[in-house]
1. Of the listed pairs K121/K299; K259/K299; K268/K299, which have alpha-carbon separations greater than 27 Å here?
2. What are the ³J(HN,Hα) couplings of the range 266-282, residue after residue, when phi is run through the Karplus curve with 6.51, -1.76, 1.60 and θ = phi - 60°? Round to Hz, x for glycine and proline.
3. Using modelled amide H (1.01 Å from N, peptide plane; none on Pro or chain starts), what sits under 5 Å from the amide H of D241, excluding residues fewer than 5 places away?
4. So which lysines can K9 reach, going by Cα to Cα under 25 Å and dropping same-chain residues fewer than 8 places off?
5. Determine, for each peptide in 192-199, 169-176, the mean count of other beta carbons within 10 angstrom over its residues, then list the peptides with the highest first.
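Just so it is clear, none of the values below were taken in a lab; they were calculated from the coordinates. Small disclaimer: the values here were computed from a predicted structure and weren't measured. Glycine also receives a Cβ, built like all others from the backbone with ideal geometry; neighbour counts cover every protein chain displayed.
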Amino acid sequence: MDIQLFETKHLDKVTTYFKTRGLYGPEYVSGDRRRIVQRWLAPLRPDRDFFWLVWDNNRVIGHVSLRFRYHGDDPFDLVSLGLIPEETTTNRLEELLDFVTARHEPSPHANDTLDIYCWSKHPMVDVVVDRGFVEESRFQEMVRPIEMSEPEAGLPEGIFLRRLNTPTEARLWLSISQRCFSRHFGYQEQSMADVARQLSENDIMENGEFWLAMLGERPLGMLRIRLGDMGEGYVEEVGVDPEVRGYGLGRALMEHGHKRLSDSGAIKSRLAMVYTNEQALPLYDSMGYTTSGTLILFKKKLDV
């Protein structure tokens with residue numbers, strides 16, 4: 001097993017790897033993987049984000065990535081790694097985690113916390129626990145058929161939906177995001193530059209759409225949706241200002257998102273709900289979402 005930094009010339013081999021394994025799970029086996037992989041790799045920043053390929057006999061069998069983060073009151077660095085199913089062994093997973101930890105510790109950009117997400121039933125859970133990672137939070141991965149959509153819920157009087165289209169509107173998104181989520185355990189504030197970059201790339205549904213529920217010039221709710229692979233759509237962020245919860249604004253935003261995804265060809269909608277956000281569960285249940293899996297966030301404090 002050989003681990004090398006990704007180079008542009010390897011894009012076709014990475015695409016084949018993702019088609020075999022899938023960046024988000026083994027069910028992702030079709031679609032325009034090359035374009036999806038290119039989009040996923042685009043945000044990598046030189047000297048602060050790294051993506052390695054795991055090779056065996058001129059074949060990509062896995063990946064490792066490390067991204068240094070600078071937002072929020074508790075900055076962290078994010079690790080992602082994986083192997084195709086037939087090559088997944090505990091020893092190999094341990095080798096990959098040790099590899100990325102060793103690259104992280106001497107870096108001048110490193111924060112003192114390393115994060116990694118694992119599916120609850122994946123052998124990676126035992127590996128990270130054995131290496132001193134501690135469970136921080138859990139997320140319910142939820143799914144529902146798009147065709148279950150009811151007619152869109154009416155918006156409260158005076159409130160309208162506005163789609164964000166330009167990088168200069170990033171401040172509006174950040175202002176409502178902070179109000180919606182700052183009290184949630186594990187909240188990490190995005191940077192103005194990150195949101196502006198995402199808004200500059202949202203010309204197609206695959207890159208996501210950003211919507212705000214507005215009262216005059218004041219945002220009261222937020223919704224981010226994205227069209228994925230295999231006919232799946234994602235509700236990536238949805239939130240309502242605590243001062244105006246209970247008036248149906250969250251449901252109206254969700255239904256608008258479902259309609260937009262359906263119009264773009266999605267047949268299913270997915271979302272990930274942090275377990276501490278129990279107040280949102282009745283809404284998701286009432287809209288037909290069911291739990292399809294559990295994602296665990298592990299953290300480890302490092303001396304850097």
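1. In this structure, K259/K299; K268/K299 lie more than 27 Å apart at Cα.
2. 6, 10, 9, 10, 10, 8, 10, 10, 5, 4, 6, 8, 5, 5, 8, 4, x
3. G221
4. Cross-link targets: K19.
5. 169-176, 192-199
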